[in-house]
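What follows is a set of notes on a single structure, which appears directly below.
The values are calculated or read from the model by the stated rules, or taken from the named source; none is laboratory data. These numbers come from a predicted model, not from an experiment. Positions of Cβ are generated from backbone atoms using ideal geometry, with glycine treated the same way; all protein chains shown enter the neighbour counts. Remember, those area values only see protein heavy atoms, side chains included, never the ligands or the DNA or RNA. Shrake-Rupley method; radii C 1.70, N 1.55, O 1.52, S 1.80 Å.
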2 protein chains.
Amino acid sequence: MEKSTDYLGPFFEPKGIVIVGATRTPGFGYAIPLMLIKQGWGDKLRLVSLKGEELHGLRVYNHIKDIPDPADLAIIITPARAVPDVIKELAQKGVHNAIIECAGFAEIGEDGRKLQELTKKTAEEHGVRLIGPNCVGVVNTNNKFTSVEIIDEALKPGNLGIIAQSGAFGNVLLDGLYEKGLAVSKAVTLGNRIDINESDILEYFHRDDLTEVIMMYIEGTADGPRLKKTLEKVTKDKPVLVLKSGRTKAGSAATASHTGSMSGEDVVYDGLFRQSGAIRAESLEQLVDYARVFTTQNKPTGNRLGVVTTSGSLGALAADEAIKNGLALPSLTKQTVEKVMEASPSWMNVKNPLDVGPSGMYDTALAAMMTDPNIDMVLAITIIPYSVIKMLRPQGITVSDLFGDMKKIKALAPQKPFALIAVGNSEFVNQMQEQAGEKTPVFTSPEHAVKAFSALYKSSIYL
Amino acid sequence: MEKSTDYLGPFFEPKGIVIVGATRTPGFGYAIPLMLIKQGWGDKLRLVSLKGEELHGLRVYNHIKDIPDPADLAIIITPARAVPDVIKELAQKGVHNAIIECAGFAEIGEDGRKLQELTKKTAEEHGVRLIGPNCVGVVNTNNKFTSVEIIDEALKPGNLGIIAQSGAFGNVLLDGLYEKGLAVSKAVTLGNRIDINESDILEYFHRDDLTEVIMMYIEGTADGPRLKKTLEKVTKDKPVLVLKSGRTKAGSAATASHTGSMSGEDVVYDGLFRQSGAIRAESLEQLVDYARVFTTQNKPTGNRLGVVTTSGSLGALAADEAIKNGLALPSLTKQTVEKVMEASPSWMNVKNPLDVGPSGMYDTALAAMMTDPNIDMVLAITIIPYSVIKMLRPQGITVSDLFGDMKKIKALAPQKPFALIAVGNSEFVNQMQEQAGEKTPVFTSPEHAVKAFSALYKSSIYL
């Protein structure tokens with residue numbers, strides 16, 4: 001029996017919110033109330049500041065105890081030294097959950113470490129659960145509750161849950177994901193993790209129906225055995241994609257170093273992730289690449305990749321990367337070969353990768369590849385000079401006339417992982433993405449697409 | 001004494017051009033004359049087609065011999081089988097250089113191989129030098145001569161020379177490079193390389209004052225020893241960045257394979273590139289990353305990297321990657337530490353990577369890092385939530401107010417390699433690129449920037 005994660009509910013679905021440290025000067029204390037009002041949370045929002053008065057049309061109370069209504073979540077944006085007292089007052093008011101956004105704790109040295117200990121002790125004594133400090137808290141796209149200063153586009157609901165140790169990192173990640181076709185269910189930045197940590201959130205996301213894939217950035221864990229146990233459980237049902245810094249001594253200490261060796265600790269993490277079925281990304285871009293594939297594609301039934309291409313070169317680059325990453329490029333079935341040969345010019349060599357060149361039968365070839373029982377997943381490399389696209393446009397000829405209707409082709413084998421690779425001008429890439437639709441990611445590099453498919457395959461064989 | 005490369009002159013600076021296979025139907029025969037006219041080459045252009053008549057306002061001659069004027073370059077777009085006769089007629093007319101764009105030679109099988117042999121023999125007998133077949137020929141941005149269907153933006157003159165074996169690949173590469181801040185001097189696609197090959201072009205680019213960096217995509221070489229000797233010579237003066245496909249058997253055969261082994265051949269290439277000082281990229285994106293750094297930055301005086309960041313996480317990711325790739329992150333000099341500490345809040349830890357957090361002294365820290373004698377090259381990680389940028393904009397606060405004037409900071413140590421890393425919304429990235437200017441690349445991933453700097457450092461120690 002898994003333990004309850006109900007205690008995290010108020011962080012994502014608060015009934016009443018207190019912002020302690022609301023202020024008229026630029027910063028979180030000004031921007032977060034403004035944003036919550038804009039997202040429709042004004043009625044449930046109560047502001048507190050020693051200065052009192054009014055902000056964004058809402059009354060500002062001098063003290064937490066002055067608030068007339070009940071509340072279940074606080075966002076604390078006061079100076080760090082005030083936090084322990086704030087926590088006591090919150091508990092007295094009956095508020096038992098708090099996001100501490102302010103910095104100035106363990107990350108600044110000895111004095112900060114002492115303050116962090118005091119904060120932790122105070123919260124434990126008064127039964128207050130904490131996210132932070134030194135973070136930007138949470139986002140819930142479903143009800144638009146967010147303690148993160150965020151652009152509207154990033155609040156589009158989706159199926160990706162995000163756990164980021166660093167607030168700034170989480171914030172800028174959210175700023176860009178929608179441009180890559182990724183939409184978020186819930187996001188949490190953890191900061192110094194006095195109380196709630198990545199394993200708590202993993203358990204919560206595990207039970208959250210709106211979260212189907214989890215993306216995590218951590219610098220380390222305070223509780224390795226628990227993280228391993230939690231990942232083992234969660235990854236059975238939902239993929240967990242991890243980026244971890246501190247691979248080298250210089251990275252973990254962020255300090256001087258001349259050694260090229262991996263830090264011993266990192267080898268432990270590598271084993272932990274591998275054994276628990278988490279998928280580790282090598283870079284920030286790869287983390288996003290993986291998320292694009294994992295949030296849109298089913299797991300493949302095997303490692304057999306089919307590639308259709310208008311460019312032999314890009315087909316060869318994709319084939320190289322596939323073999324290097326444990327995928328196979330099998331021959332097509334006799335039926336597929338015959339089907340394609342029937343439609344193709346005599347010069348065309350029907351194999352895998354299938355280079356259709358300028359034959360004009362891209363859609364026939366791609367449809368045949370999609371339905372071939374020898375093939376578990378398909379990459380479609382669509383390239384054409386942009387000058388040609390521009391010339392054909394006035395004649396009403398679109399990319400779907402040139403390459404086929406990608407949505408229809410995908411529908412021929414909806415369970416097979418399918419992605420596009422479009423190289424060249426960004427306008428062309430955008431046209432291909434629009435045509436392919438939200439459920440088919442378009443990559444701009446064959447190697448990146450193949451690596452993401454390889455990760456998807458590897459996650460499918462983890463037991 | 002190096003042999004002359006004058007024989008390649010007419011391919012890039014023709015005095016008179018004959019297009020054999022001009023046509024009114026869509027395709028190269030229609031589009032290439034149109035483009036050359038648009039670029040101001042109409043006066044020097046003569047069109048030939050058995051159908052005669054007129055195209056784009058120019059007379060179309062029935063036969064090459066009918067052309068009244070002299071010419072020194074032909075672009076051949078006829079059916080493949082006609083090519084040997086066309087070459088004879090060109091030689092009789094005194095045209096001794098030809099780009100064969102049409103396909104249908106060795107790449108289609110036995111019949112094509114025979115035709116290719118005949119074409120080669122005919123050209124040799126008649127003293128005609130060939131680029132192609134199965135290619136799209138050349139681009140010279142300086143005089144706007146191009147046999148490639150290309151968008152105007154790609155014709156902006158720059159310092160990057162491109163050699164691509166595949167026509168389609170070269171074409172789409174050109175479509176996108178300008179969006180990444182790269183501008184081309186000359187580009188060549190080689191196709192089946194009956195005659196002129198990558199070593200010829202390397203020698204030509206070596207002597208070309210407008211070409212400072214060379215980017216090459218090859219699937220293989222017909223003459224390994226010559227390529228090695230040529231690269232050894234060229235890389236002493238100009239960096240050569242190489243992407244080679246066919247790393248695996250599946251890639252080189254582009255055929256069925258279940259083995260994960262590198263092809264033996266690829267190991268030979270790897271050695272060839274390393275020994276001759278060429279820089280091999282692992283992927284298409286990395287090739288472009290490298291080009292962005294090599295075309296804009298000097299070689300560093302050592303491997304000591306300095307990192308300034310607003311995000312500790314991204315600083316750690318950069319540090320990890322630096323150590324993994326043979327760079328060092330040394331301590332700063334006492335003078336630099338004192339300079340930064342004087343201006344910084346008490347919580348700031350002055351080290352490398354230098355995380356300035358929200359201290360508001362990014363420009364001071366970056367300037368100090370740029371001028372530190374312990375540091376050979378600098379990466380500036382600039383991140384900030386996009387909602388903040390949007391909020392500050394109406395107040396007239398720009399990214400240069402937040403991070404400093406990047407052009408001025410670069411000017412403090414103009415010889416030091418310098419790049420930015422901006423993560424988040426693409427509009428923010430674009431603002432940073434605009435502010436940084438053409439000579440400072442902005443990357444969207446710390447790992448990619450570090451790998452490019454590492455390649456730059458490694459190229460600086462090759463003897």
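Would you mind counting up the charge near A:Ile87? Only other residues with Cβ under 12 Å from its Cβ, with Lys and Arg at +1 and Asp and Glu at -1. Could you put the intermediate results ahead of the total?
Details: positive: A:Lys88, A:Lys93, A:Lys120, A:Lys121, A:Arg129; negative: A:Asp85, A:Glu89, A:Glu124, A:Glu125, A:Asp195.
Net local charge, A:Ile87 excluded: 0.
For B:Lys451, the lysines whose Cα falls under 21 Å of its own Cα, not counting residues fewer than eight places away in the same chain, are A:Lys244, A:Lys249, A:Lys324, A:Lys451, B:Lys180, B:Lys238, B:Lys244, B:Lys299, B:Lys324, B:Lys410, B:Lys416, B:Lys439.
For B:Glu427, neighbours were defined as the other residues whose beta-carbon sits under 11 Å from its Cβ, and their charges (Lys and Arg +1, Asp and Glu -1) total -2. Orientation-averaged projection of the stretch B:44-176 equals 8.8 nm² [convex hull of Cα atoms, one quarter of hull surface area]. So what's the angle, to the nearest 10 degrees on a 0 to 90 scale, between helix B:446-461 and the longest Cα principal axis of chain B? In chain B, helix B:446-461 runs at an angle near 70 degrees to the longest axis. Solvent-accessible surface of protein heavy atoms, probed at 1.4 angstrom with all chains present, puts B:Arg247, A:Arg24 in the order A:Arg24, B:Arg247, largest first. Need one number: % antiparallel among DSSP beta bridges in the protein assembly as shown, to the nearest 5. So the antiparallel bridges in the protein assembly as shown amount to around 15 percent.
Using heavy-atom solvent-accessible surface (probe 1.4 Å) with all chains present, what is the largest-first order of A:Lys439, B:Lys51? Working shown, then result.
Working: A:Lys439 120, B:Lys51 160 Å².
Final ranking, largest accessible area leading: B:Lys51, A:Lys439.
Given a 1.4 angstrom probe, I'd like the percentage of the accessible area of chain B that is carbon and sulfur, rounded to a whole number.
Numbers: 9090 of 17490 Å².
Exposed carbon and sulfur together represent 52 percent of the surface.
In the complete set of protein chains, residue-level accessible area for A:Thr336 is approximately 10 Å², probe 1.4 angstrom.
Rounded, prolate or oblate: which fits the stretch B:10-99, taking a ≥ b ≥ c as square roots of the Cα gyration tensor eigenvalues, rounded meaning a/c under 1.5, else prolate when a/b beats b/c? Provide the component values of the computation, followed by the final result.
On the way: a/c = 1.41, a/b = 1.11, b/c = 1.27.
Because its axes are fairly even, with a/c under 1.5, the stretch B:10-99 counts as rounded.
Note on B:Val267: accessible area approximately 90 square angstrom, rounded to 10, probe 1.4 Å, nucleic acids and ligands left out.
Close amide H pairs (under 5 Å, H built 1.01 Å from N) link A:Arg280 with A:Val242, residues at least 5 positions away or on another chain. Residue order by solvent-accessible surface for B:Asp195, A:Asp200 is B:Asp195, A:Asp200, largest first, with ligands and nucleic acids left out and a 1.4 Å probe. Straight-distance candidates among the lysines for linking to A:Lys93, with alpha-carbon spacing under 23 Å and chain neighbours fewer than 8 residues away dropped: A:Lys15, A:Lys44, A:Lys51, A:Lys65, A:Lys120, A:Lys121.
Pull out the extension gain between B:Lys390 and B:Ile37, defined as 0.36 nm times the separation in residues minus the alpha carbon to alpha carbon distance; nm, one decimal. Before the final figure, lay out the partial values.
On the way: separation 353, 0.36 × 353 = 127.08 nm, distance 4.54 nm.
Using 0.36 nm per residue and subtracting the Cα-Cα distance, I get 122.5 nm.
If we count GluC sites (Glu not before Pro) as exposed when they sit in a DSSP loop and have at most 16 other beta carbons within 10 Å, what is the longest stretch of chain A that avoids them all?
Working: sites that count: A:Glu2, A:Glu53, A:Glu282, A:Glu438.
No qualifying site falls inside A:54-281, the longest such stretch.
For chain A, the longest principal axis of the Cα atoms and the long axis of helix A:334-343 meet at an angle of about 70 degrees. With 50 Å² as the minimum drop in accessible area between chain alone and full protein complex (1.4 Å probe), the qualifying residues in the stretch B:299-329 are B:Ser313, B:Leu317, B:Asp320, B:Ile323, B:Lys324. For the stretch A:392-405, putting each phi into the Karplus relation 6.51 cos²θ - 1.76 cosθ + 1.60 with θ = phi - 60° gives couplings of 7, 4, x, 7, x, 8, 10, 4, 6, 5, 7, 10, x, 7 Hz, in residue order, rounded to whole numbers and with x for Gly and Pro. Each Lys or Arg adds one and each Asp or Glu takes one away; over the other residues whose Cβ falls under 9 Å from the Cβ of A:Pro300, this sums to +2.
The residues of the stretch A:127-193 have, on average, 21 Å² of accessible surface per residue, using a 1.4 Å probe with all protein chains present.
Phi angles across the stretch A:140-149 convert, under the Karplus curve 6.51 cos²θ - 1.76 cosθ + 1.60 with θ = phi - 60°, into 3J(HN,Hα) values of 10, 6, 5, 10, 6, 7, 8, 9, 9, 5 Hz, Gly and Pro given as x.
With viscosity set to 0.692 mPa s and temperature to 37 °C, compute the Stokes-Einstein D of the stretch A:278-436, Rh being the Kirkwood radius across alpha carbon pairs; µm²/s, no decimals.
Details: Rh = 16.3 Å.
Answer, rounded: 201 µm²/s.
In the context of the full set of protein chains, residues of the stretch B:326-463 present 40 Å² of accessible surface per residue (probe radius 1.4 Å, heavy atoms only). Computed over the alpha carbons of chain B, Rg followed by Dmax gives 25.7, 84 Å.
What residues qualify as long-range amide H neighbours of B:Asn159, i.e. H under 5 Å apart, gap of 5 or more or another chain, H built at 1.01 Å from N? For B:Asn159, whose amide H was placed from the backbone, the distant partners under 5 Å are B:Ala183, B:Ser185. Mean silhouette area of the protein assembly as shown, derived from the convex hull of its C-alpha atoms and averaged over all directions, reads 39.2 nm².
Here the spin labels are modelled as points 7 Å beyond Cα on the Cα-Cβ line, and at A:Glu232 and A:Asp405 they lie 4.9 nm apart.
Within the straight-line cut-off of under 12 Å between alpha carbons, the aspartates and glutamates reachable from A:Lys156 are A:Asp175, A:Glu179, sequence neighbours fewer than 8 places apart in one chain being disregarded.
What percent does the relative contact order of the stretch B:140-294 come to when contacts are Cα pairs within less than 8 Å and at least six residues apart?
Details: 251 pairs, mean separation 32.1, N = 155.
Computed value for the stretch B:140-294: 21 percent relative contact order.
Counting only protein heavy atoms and rolling a 1.4 Å probe, how much accessible area do A and B lose on contact, total for both sides, in Å² to 100? Numbers along the way, then the final one.
Values: alone 20290 and 20290 Å², together 34960 Å².
Summing both sides, the interface buries roughly 5600 Å².
Compute the angle between helix B:264-275 and the longest alpha-carbon principal axis of chain B, please, reported from 0 to 90 degrees and rounded to the nearest 10. Helix B:264-275 sits roughly 60 degrees off the main axis of chain B.
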